[in-house]
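Heads up, the thing below is written out as structure tokens.
The values are calculated or read from the model by the stated rules, or taken from the named source; none is laboratory data. Every value quoted in this text rests on a predicted model; they were computed, and no experiment measured them. Here Cβ is always computed from backbone atoms with ideal geometry, including for glycine, and neighbour counts include all displayed protein chains.
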Amino acid sequence: MKQSSDKFDVFIVGGGPAGLATAIAARQRGLTVAVADGAIPPIDKPCGEGLMPDGIEALRDLGVTIPRQDVYPFRGIRFVSGGKKAEAVFSHGPAYGIRRTTLHRILIDRAAACGVSLLWQTPVRGLSRNGVLIGEQSIAARFIVGADGTNSRVRRWAGLDRHARKDVRFGFRRHYHIAPWTDFMELHWGHGYQANDCQMKDCQIYVTPVGQNEVCLALVSSSPHLRLDAALSDFPELVTRLAHAPHASTERGAITVSRKLRCIYRDRIALVGDASGGVDAITGEGLCLAFRQAALLADCFAADNLARYQLEHRRLLRRPALMARLMLLIAKHLRLRQRTMQVFESRPQSFAAMLAMHVGSASPRDYITNGISLGWQLL
């Protein structure tokens, strides 16, 4: 085994958005950083491709500016279920529809400009006593970060795989050549029945405008067998709109995991993004959460205090985890969802309050007030 002469303050395994954001944040604090990934960039991942206002703010904190020509702004969220619609506008500026590959390219450019050493097509095959193993070499690092996704190998190598809770759902994404019909991201809820031996009761389809002539459809459900074409039979409005729209991409799938780990660091190894646990894709908050975790982890590296990262990481997860549980509850219970939609449709301010909670623009007091108000209206 050869010992490389290279030594870094931080070595990050995984070059997706979470890994690159962590690298950028660590460089902002004066640390030397390397990122290694076995893939060829830009890396794509099936997702809803919506970047919420709080995610845009988190990127700005990292010095990442997204050119307007690379995004399609949308001004709010619309729920569609059983013939009912409810919508609300973001209170702190628009969100962005952006192709995942475009976002990845922007993050790569920012990381390179910051002086991050980017090692593409360089798989890490294990951990060594003082760093990581790449090929026949051991590269030394003070801190090692697992940013290698839901099925993190770093998490397994470090013995951090024990979890308090784990729930799995499945997502499939496809793009369509069609002009967006709205400046909202739409969340369409399935009605709840069996179709082609697939359970549809917790099936949702997100529609995100990502360009002047392109929309992204992302299906999320509890069935690994349910695909977009079969699921669309439960969404006649979408079928009508997409009737003559050609596909702009092939259908791709991914797993969305709600996971709470017992511990997210050990010694000098820490996890970030999906590797550190996560919330269901129904929230649309995965990217923002990863960016906030990245900034926090960089602070903890600079202070040499990973115990703080454990505590603050749990705090960051609290709001999106709560919103995920609430949204999955109404996804699984049709009557509750119908009643909730009635309230939202008749009282738009209730839906606006929920959206403010969702994107973190409500105060803790607002959380309590809005929760009590919505519960009373449902009764």
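Annotations for the structure displayed:
- Residues in the stretch 40-98 that are in contact with a Ser or Thr (Cβ under 6 Å, 6 or more places away or on another chain) and under 30 Å from residue 233 (Cα atoms): 44, 48, 49, 50, 97.
- Of the residues examined, residue 280 is not one that is over 30 Å from residue 85 (Cα atoms), buried (at least 23 other Cβ atoms within 10 Å of the Cβ) and in contact (Cβ under 8 Å) with a residue 40 or more places away in the chain.
- Residue in the stretch 297-304 that is modelled with pLDDT of 85 or more and outside any helix (DSSP H, G or I) present: yes
- Checked against the criterion of being in contact with a helix residue (DSSP H, G or I) (Cβ under 7 Å, 6 or more places away or on another chain), over 28 Å from residue 217 (Cβ atoms) and either modelled with pLDDT of 95 or more or part of a helix (DSSP H, G or I) (or both), the stretch 272-287 has at least one qualifying residue.
- Filter pass, residue 254 being touching a residue at least 24 places away in the same chain (Cβ under 8 Å) and more than 21 Å from residue 288 (Cα to Cα): no
- Of the strands (runs of 3 or more DSSP E) contained entirely in the stretch 1-74, those carrying at least 3 residues that are in the same structural domain as residue 281 (by TED's automatic domain parsing) and crowded, with 22+ Cβ neighbours inside 10 Å fall at 2-13, 33-37.
- Selection from the stretch 93-126 of residues that are in a loop (DSSP other than H, G, I, E, B) and within 24 Å of residue 155 (Cα to Cα): 116, 121, 122, 123, 124, 125
- Flag if residue 334 is surrounded by fewer than 21 Cβ atoms within 10 Å (Cβ to Cβ) and within 23 Å of the chain's Cα centre (by Cα): no
- Flag for residue 321 being in contact (Cβ under 8 Å) with a residue 24 or more places away in the chain, buried (at least 23 other Cβ atoms within 10 Å of the Cβ) and within 23 Å of residue 16 (Cβ to Cβ): no
- Selection within the stretch 139-156 - within 24 Å of the chain's Cα centre (by Cα) and among the hydrophobic types (A, V, I, L, M, F, W, C): 144, 145, 147, 154
- Number of the exception - residue 239 against (1) touching a residue at least 60 places away in the same chain (Cβ under 8 Å); (2) in a helix (DSSP H, G or I); (3) over 30 Å from residue 128 (Cα atoms): (1)
- Residues of the stretch 127-167 satisfying the condition of being of a type outside the set (Asp, Glu), part of a loop (DSSP other than H, G, I, E, B) and farther than 23 Å from residue 290 by Cβ: 128, 129, 130, 135
Table: residues versus (1) surrounded by 16 or more Cβ atoms within 10 Å (Cβ to Cβ); (2) not assigned by TED's automatic domain parsing to the domain that holds residue 226.
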site: 129; (1), (2): no, yes
site: 160; (1), (2): yes, yes
site: 175; (1), (2): yes, no
site: 183; (1), (2): no, no
site: 188; (1), (2): yes, no
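- If you check 252, 173, 169 for being in contact with a Gly (Cβ under 8 Å, 6 or more places away or on another chain) and of a type in the set (Lys, Arg), only one passes: 173.
Yes/no per residue for (1) modelled with pLDDT under 90; (2) over 24 Å from residue 26 (Cα atoms); (3) of a type in the set (S, T, N, Q); (4) part of a helix (DSSP H, G or I):
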position: 291; (1), (2), (3), (4): no, no, no, yes
position: 316; (1), (2), (3), (4): no, no, no, yes
position: 339; (1), (2), (3), (4): no, yes, no, yes
position: 355; (1), (2), (3), (4): yes, yes, no, yes
position: 361; (1), (2), (3), (4): yes, yes, yes, no
